[in-house]
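To start, the structure under review is shown below, and the notes come after it.
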Amino acid sequence: MTHKGEIFSDVFAQKDNFVTRIEARVKMGFTAIALVINLLSPTIYASVGIAAFCFALLLAVKAPPRLLLLRMAMPLVMAAVVLVTQVFFYGVTPLFAIPVWGWRLAGYEEGLARGVLIMGRVIAGVALILFLSMSTPVSKLLLAAKWFRVPQTFIGLALLVYRYIFVLIEEAAAIKDAQKVRLGYRDWHQSMRSLGVLGGSLFFRAYDRADRVFEAMLARGYSGGMAVRCQVRWGGRDFAAAFGLGAMLAVFYLMGQLRW
């Protein structure tokens, strides 16, 4: 499978390894608590520990580093923008100055520290989401959400969204391939027109498909909800995994209290 296909799929979650065998409810609880620790920690050490732990687990199950970088690309860009804005617009202690058209653009020490902290939180948060999504099939995630008393309407909607987002991706790829055959991307102007046509066609196709799917569901007795039950029982391995991940949460919390 290509990296493009891997980005929009849970191919690694379907593999059998020591990470995917951890109960989904354990991983969801770990992710939720780790996110809270990451956001409330006053130092960057907790974020560094969380990110390192998640990436180490993903690399241990042979997730390609290039794929991880591709999934991290957009969050890293956003975090870098936040870092730059914090450096130049927050703080009182000058760190450096850059002459720009006769002006001196100053960077501040407090802004750098705050920007690095925010950037670390972003990276750690994304690492947690990658750990959860790349090691747990969506079906198990939704079953675990049902166990956590997530509203059934949300679960049913998530099932439909997950199913049909791949259908839309396939249709968008088919439309774009047809446009390329007709030289729809031969220059910048024509590319913009083709992208507009692609977006409009995809919107109308999505609306038409939604209408047809809803009618098919009504014909099969759909009444506004889907029967989803979580009947997976906990075993000794699940309790051991919960204990181990709980110990890591304690380590992350203590790391967040360090002040060097």
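The values are calculated or read from the model by the stated rules, or taken from the named source; none is laboratory data. From a predicted model like this one, the values you see are computed outputs, not experimental measurements. No Cβ is skipped: glycine too gets one built from the backbone with ideal geometry, and neighbour counts run over all protein chains shown.
Overview of results
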{"item": "Options ALA145, ALA173, ALA97: the member that is aliphatic (A, V, I, L, M) and modelled with pLDDT of 85 or more", "result": "ALA173"}
{"item": "Residue match in region 215-228 (condition: at pLDDT below 85, surrounded by 10 or more Cβ atoms within 10 Å (Cβ to Cβ) and touching a Leu at 6+ places or on another chain (Cβ under 8 Å))", "result": "yes"}
{"item": "Region 166-189, residues that are closer than 19 Å to GLY200 by Cβ and touching a residue at least 24 places away in the same chain (Cβ under 8 Å)", "result": "VAL167, LEU168, ILE169, GLU171, ALA172, ILE175"}
{"item": "Test: residue in region 140-149 that is of a type in the set (D, E, K, R) and farther than 24 Å from ALA56 by Cα", "result": "yes"}
{"item": "In region 147-166, residue farthest from the chain's Cα centre (by Cα) [restricted to those that are part of a helix (DSSP H, G or I) and β-branched (Val, Ile, Thr)]", "result": "THR153"}
{"item": "Identity of the residue in region 232-251, modelled with pLDDT under 90 and not hydrophobic (A, V, I, L, M, F, W, C), that ends up surrounded by the most Cβ atoms within 10 Å (Cβ to Cβ)", "result": "ASP238"}
{"item": "Residues of region 129-143 that turn out to be more than 14 Å from PHE30 (Cβ to Cβ) and part of a loop (DSSP other than H, G, I, E, B), as a count", "result": "1"}
{"item": "Any chance LEU195 is in a helix (DSSP H, G or I), in contact with a helix residue (DSSP H, G or I) (Cβ under 7 Å, 6 or more places away or on another chain) and modelled with pLDDT of 85 or more", "result": "no"}
{"item": "Selection status of LEU83, surrounded by 12 or more Cβ atoms within 10 Å (Cβ to Cβ), touching a Phe, Trp or Tyr at 6+ places or on another chain (Cβ under 9 Å), hydrophobic (A, V, I, L, M, F, W, C) and touching a residue at least 12 places away in the same chain (Cβ under 8 Å)", "result": "no"}
{"item": "Cβ-Cβ under 9 Å pairs, at least 6 apart or on other chains, region 13-25 side assigned by TED's automatic domain parsing to the domain that holds ALA242, far side surrounded by fewer than 14 Cβ atoms within 10 Å (Cβ to Cβ) and in a loop (DSSP other than H, G, I, E, B)", "result": "LYS15/LYS62; ASN17/LYS62; THR20/GLN14; GLU23/TRP234; GLU23/GLY235; ARG25/PHE148; ARG25/TRP234"}
{"item": "Residue check for PHE53: assigned by TED's automatic domain parsing to the domain that holds GLY115 and either among the acidic types (Asp, Glu) or part of a helix (DSSP H, G or I) (or both)", "result": "yes"}
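Rundown of residues vs (1) within 18 Å of the chain's Cα centre (by Cα); (2) under 21 Å from ALA32 (Cα atoms); (3) in the same structural domain as ASN17 (by TED's automatic domain parsing); (4) not in a helix (DSSP H, G or I), yes/no style:
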| residue | (1), (2), (3), (4) |
| --- | --- |
| VAL77 | yes, no, yes, no |
| VAL81 | no, no, yes, no |
| ILE118 | yes, yes, yes, no |
| ALA127 | yes, yes, yes, no |
| ALA145 | yes, yes, no, no |
| LEU168 | no, no, no, no |
| ILE175 | no, no, no, no |
